[in-house]
1. State, as an integer percentage, the relative contact order of the chain based on alpha-carbon contacts under 8 Å between residues 6 or more apart.
2. Just in the range 133-197: which GluC sites (Glu not before Pro) are loop by DSSP and have at most 15 other Cβ atoms within 10 Å?
3. 222 nm [θ] for the chain, helices only, -39500 (n - 2.57) per DSSP H run of 4+, per residue, to 500?
4. Long-range amide H contacts for Gly79: which residues qualify at under 5 Å (H placed 1.01 Å from N, peptide plane, sequence gap of 5 or more or a different chain)?
5. Can you run phi through the Karplus equation (6.51, -1.76, 1.60; θ = phi - 60°) for the range 270-286 and list ³J(HN,Hα) in whole Hz, with x for Gly and Pro?
6. Enter the Cα centre distance for the pair the range 223-272 and the range 86-119, rounded to the nearest angstrom.
7. How large is the accessible surface per residue of the chain, computed with a 1.4 Å probe and reported in Å² as a whole number?
8. Restricting to lysine pairs 8 or more places apart or on different chains, what number in the chain have Cα atoms under 18 Å apart?
Amino acid sequence: MATLTQAQASNITAPTQFVATGVETYAYRRFGVGSAPPLLCLQHFTGTLDFWDPAVTDPIAQGREVILFENAGVGRSSGEVPTTMVGMAGHVLAFADALGLIRVDVLGFSLGGVLAQVIALERPSLVRKMLLVGTAPEGGEDIMHLEKPELKRILDDPNAQGLQRLVKLFFTPSESSQASGQAYAQRLAARRQDREPISGPKVAAAQLTAFRAWERGDGGERFAKLGRITQPCLVVNGVLDQMISVKNSYALAEHLPRAMLLTYPDAGHGSLFQYHDSFVQQASLFLGETTR
């Protein structure tokens, strides 16, 4: 049985909790109060609970519960990482059932944004609204090709380790963007205890396999499934995203029936962290709440 919500906790101090299903045990953090539907946060490629920026999650938690989820095989969640997006989405649904969640808003970032789309198609009654950030539709293009020279250069750089590698990947090379990236890294480092193990090559390989299949599509009419996602969606990206090209956000905004598009200048994959004040304001307005 899940423990009670930590009403006064923040992303930095909220304890990691665990909920067991018949198949796996999932790690998660839950904090915040309010009568609005909880915001279920689905994380990026290889990301754990520790990579959610408190500058994004904590202001939103002033008006609602925020639930950070760690999928199977990631961090301290049990099991193996599925090699399909449908498989990963199945774990999200199992987790939601274990917590008794019947109606949520979803913040899906990168890989998490793909899972949000699958969940909205498989169980539309669960999802009220979606924030789709730095993500792509099925059949999109330029999705997580780590062999690209501009990404491989960062991944192979021995001087870019840990959070510094993330700063290089998520933020543009400009002085202002890199400064925002360093501030982001400092915020992530503020949580000093109860942290998650870093994802290894096995996690990355499984998730990349799922990305490749997602990019190929299912052989049907390209983007046709998006027409069946009727929830309001706010699509967000940085215009210089090298990990999942912004052209995918344009496609989402064009083909989702109820989508709005927000792009940030001089921003890459981590646009929501670079422009966290703006993102929180726009997300809160979209979700139908105000924050202090």
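1. Dividing the mean separation by the residue count of the chain yields 21 percent.
2. Qualifying residues, ordered by number: Glu141, Glu147.
3. Dividing the helical sum by the residues of the chain leaves -10500 deg cm²/dmol.
4. Gly73
5. 3J(HN,Hα) across the range 270-286, in whole Hz: x, 4, 5, 8, 5, 10, 4, 5, 5, 4, 4, 5, 5, 5, 5, 5, 5.
6. So the separation of the two Cα centres works out to 18 Å.
7. With all protein chains present, the chain gives 41 Å² per residue.
8. The number of close lysine pairs in the chain is 5.
The values are calculated or read from the model by the stated rules, or taken from the named source; none is laboratory data. All values reported here derive from a predicted model rather than from experimental measurement. When we count neighbours, we look across all protein chains shown, and the Cβ atoms used for this are built from the backbone with ideal geometry, even at glycine. Only protein heavy atoms, including side chains, enter the accessible area calculation; ligands, DNA and RNA are left aside. Shrake-Rupley method; radii C 1.70, N 1.55, O 1.52, S 1.80 Å.
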